[in-house]
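The values are calculated or read from the model by the stated rules, or taken from the named source; none is laboratory data. On a predicted model such as this, the values are computed, not experimentally measured, just so you know. Heads up, the Cβs are rebuilt from the backbone with ideal geometry, glycines too, and the neighbour counts pull from every protein chain shown.
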Amino acid sequence: MIRKTAFALIPVCALLAAPALAQDTTIQPGYWEVTNKVSAIISQTKTEKRCITPAEVAKFVMGPSNRHYKCDYPTRVFKDGKITLKGQCATKNGSKAALQATGTYSPSSFTMIADISTTYAGLPLSGRATTSAKRISDTCPVPAAPAS
């Protein structure tokens, strides 16, 4: 219930298909360690290592959205190592939440803090999601061969 209402408060790793960046270069492709922390009624932290290909760079940095909800960011600024996002996300069933995020980036690091507010049964709900990522290698590990 909370996951749907607060939209899982942004696992930024599950991001939207964003247009190509027309601003500064953001992060570099490679092997990244990504930590997502969600704090709402309860807190949850997940760390994973993932390969970010050149085609996925814009998708990774441009703001949260995934198959459960879609977000629109009328304010989307990536400039001089700083991030500002303001917008709204909606679930497939029409629930909406306002989102405001700030952060920083470099070719080898990315941090974004997003504050989300919505209502559930007429009561205000808010939460915070933080994504911290660091590039740990220029290249991604070769996937293991499937066991036969």
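Name the one entry in A58, A129, A114 that is closer than 18 Å to P29 by Cα, small (G, A, S) and in contact with a Leu (Cβ under 8 Å, 6 or more places away or on another chain).
Matching residue, one of A58, A129, A114: A58.
If I ask for residues that are in contact with a Ser or Thr (Cβ under 7 Å, 6 or more places away or on another chain), surrounded by 18 or more Cβ atoms within 10 Å (Cβ to Cβ) and among the small types (G, A, S), which ones from segment 88-106 would you list?
Those that are in contact with a Ser or Thr (Cβ under 7 Å, 6 or more places away or on another chain), surrounded by 18 or more Cβ atoms within 10 Å (Cβ to Cβ) and among the small types (G, A, S): A97, G103.
Yes or no, residue by residue, for (1) within 12 Å of T131 (Cα to Cα); (2) over 13 Å from the mean Cα position of the chain (by Cα); (3) at pLDDT 85 or above:
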position: A6; (1), (2), (3): no, yes, no
position: A18; (1), (2), (3): no, no, no
position: C51; (1), (2), (3): no, yes, yes
position: P64; (1), (2), (3): yes, no, no
position: Q100; (1), (2), (3): no, no, yes
